[in-house]
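Here's the structure we're looking at; comments come further down.
Every number here is computed from the coordinates shown, using simple stated rules; none is lab data. Predicted model only: the values in this text are computed from it and were never measured. Because the Cβ atoms are built from the backbone with ideal geometry, glycine has one as well, and the counts that use them run over all protein chains shown.
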Amino acid sequence: MPARIEDYALIGDMQSAALVSRDGAVDWLCLPRFDAPAVFAGLLGTEEHGFWRIAPADSDTGEAPVPGTDASPAADRRRYRGDSLILEQEWDTPHGSVRVIDFMPPRHLGKDPGGNPTIIRIIEGITGRVRMRSALRLRFSYGRIVPWVHRVDDERGSRTAAVAGPDSVWLDGETETYGQNLTTYADFTITAGERTAFALTWQPSHLPPPQRTDTKAALTATEAFWIHWTGHCTYQGPYREAVIRSLITLKALTYAPTGGIVAAPTTSLPEDIGGVRNWDYRYTWLRDAAITLSSLLRTGYRDEARAWRDWLLRAVAGDPENLQIMYGIAGERELTETRLPWLPGYEHSAPVRVGNGAATQLQLDVYGEAVEALHLAQQSGLAQNHYADLLQLRLITHLEQHWHEPDEGIWEIRGARRHFVHSKVMAWVAVDRTIRLLETTALKGPLDRWRTLREDIHQDVCAHGYDADRNTFTQSYGSRELDAALLLIPQVGFLPPDDKRVIGTIEAIQRELLTPDGFVLRYPTSGDDTGVDGLPGDEGAFLACSFWLADDLALIGRTDEARALFDKLLGIRNDLGLLAEEWDPRRERQVGNFPQAFSHVPLIDTALRLSAPVQRPH
């Protein structure tokens, strides 16, 4: 059975990523890129769907267990090596202590910028003499295909190759392996001061075998890369540890060849354990990526911000009128949603989905997020891009004709379209930022007409999306429900923080959308498919929304409350500083895809806000 979501660690090479549990098992890995089929899918099923565990073989006797009985104890300690994505886990056994170091070298560190994705696992003896086992069960195509596993001999010895269709995976190590129960094993003993290593490398099956990896050199280069990268962070405030770890996580979720940023490296980790709210997040949401760009710019990472802007221009090129809410990591538009019936799902949360049908939804708020990202890039001093300016004008020209339509909104509801207040607010943002562009540059556009449009949208929201009796904005026109996305109204400058309607909305959300432990729900759920989102079941507190509340409390001068909530949010990170999408207050567990960019970005933003004097949004 897979571990709890928060018991996993992330390693990655900025093109793909793996999740490693406390018991030394890699239970999730897609190769060669984030959205490729998994070769280890045990996270969404059982060990029969693929895993790779390296851990003490038997902590009680020191004897190797019978092959096929591959359980192992959880590590006694784990950490990332400094400010890096190099994972170190340590076990104490009656016979000694051992350390396993897991990482994926960034591919651009090699001679070939494309490179081969490789997981390296180094085992070091700390004290005594510890019996170890490596158990590798490769299952291609999300756990469905058992590959042909065979030995290949060359001048340096034997290698283990696993081949199925277009894919091959190569295992190199300094320890003899053997096959049993459709699993590749290596049993060995590590003593104090000794070191051995394994490298698992993907290669297209029609090509010659990949070169063996110099694991020691790769470790040195990977650590140097992260030290250099984190050294560019300009934030030096009291929350630096949390900010740096979140920035590293965001960097790990960036697809280096294109600059696209995935929302998460996983699919179908449930928002409601045992339920159907399971989605594929291995794509680039304009919303998530745009707010990520903001955090990167504000912490000194201009190269990443520039790469994302270039990705946006390529993804939208030629068809801005049909702006999608998400794209593939290289800008792909077709993200057809399908189900994988052979996988039972994380803790029986089915169905397991790949692809995402929400890609075809109408979400008017993404116009605001995309334009805001371009605005922030310009404000932060990125070189002006003529095509970006033209794109922005075309987006507003299209939005001008469609802002008044109902849509599926920020939360990608699968029920009927509505006039969501947040969508209208972000349409206002798109127009407002474009007006500022025209006012401050030589770019030409219908300035007077768009000033009128900005005012029309503002008046429409205040007239139809505000409940004067309760002194709060509502989720959609004519509804009584609330929505945590309303917390963004003062942050984007739609209304000032001291406006009574803003304060009333914040207090209404505190009354109606807080969980017993003080975190924020996105919106009310009904438990069946009659609710606004058209889905059965409920969900946990949405962590981004909880950070937004902390931001708003700081904006309206309730700084002590803001800090208390922020500290509480930091407290539910796992021991490595990672956050999933949501928090389940009933089970007191993280839920949803993991780790989640949409949680780590607002963490950074709130840390920056609480580290600086309170200022109104401009």
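The simple Förster model, with R0 at 51 Å and r as the Cβ-Cβ distance, assigns residue 342 and residue 471 a FRET efficiency of 0.45. In summary, the aspartates and glutamates within cross-link reach of residue 251, defined as a Cα separation below 18 angstrom excluding same-chain residues under 8 places away, comprise 13, 35, 83, 102, 223, 241, 288, 303, 304, 310, 581, 605.
Taking each residue as 0.36 nm, the span from residue 387 to residue 464 lengthens on full extension beyond its C-alpha to C-alpha distance by 24.1 nm.
Packing order of peptides 179-190, 302-313, highest average first: 302-313, 179-190 (average count of other Cβ atoms within 10 Å over each peptide's residues).
Placing pseudo-labels 7 Å out from each Cα toward the beta carbon at residue 205 and residue 302 gives an inter-label distance of 4.8 nm. Only DSSP H runs of four or more residues enter the estimate; each adds -39500 (n - 2.57), and after division by the residues of the chain the mean residue ellipticity at 222 nm equals -9500 deg cm²/dmol.
Taking other Cβ atoms within 10 Å as a rough exposure proxy, 133, 4 sort from fewest to most as 4, 133.
Each residue in 266, 220, 196 was given a count of other beta-carbon atoms within 10 angstrom of its own, and listing them fewest first yields 220, 196, 266. Ranking 17, 91, 197 by Cα position along the charge dipole of the range 8-228, where only Lys, Arg, Asp and Glu carry charges on their C-beta atoms, puts 17 farthest toward the positive end. For the pair residue 334 and residue 515, label points projected 7 Å from Cα toward Cβ lie 3.9 nm apart. Multiplying the residue separation of residue 156 and residue 90 by 0.36 nm and subtracting their alpha-carbon distance yields 20.7 nm.
Note on the range 232-610: dipole from Cβ charges, positive end direction compared against 336, 465, 525; the farthest Cα belongs to 336. Bridgeable lysines around residue 424 (alpha carbons under 29 Å apart, same-chain partners fewer than 8 residues away excluded): 444, 500. Between residue 498 and residue 241, the contour length at 0.36 nm per residue exceeds the Cα-Cα span by 89.3 nm.
Computed from point charges on the beta carbon alone (+1 for Lys and Arg, -1 for Asp and Glu), the dipole magnitude for the chain about its Cα centre is near 1080 Debye.
Working from Cα pairs under 8 Å separated by at least six residues, relative contact order for the chain is 12 percent. The ranking of 556, 261 from fewest to most other beta carbons within 10 Å of each one's beta carbon is 556, 261.
In the range 8-228, inverting the average of 1/r over every pair of distinct C-alpha atoms gives 17.3 Å as the Kirkwood radius. Quick one: go through the range 342-363 and flag any residue whose amide nitrogen is under 20 Å from the point 7 Å out along the Cα-to-Cβ line of residue 46. Taking a point 7 Å out along Cα→Cβ of residue 46, the residues of the range 342-363 whose backbone N falls under 20 Å are 342-353. FRET efficiency for the residue 4 to residue 444 pair, using the beta carbon distance and R₀ = 60 Å, is estimated at 0.60.
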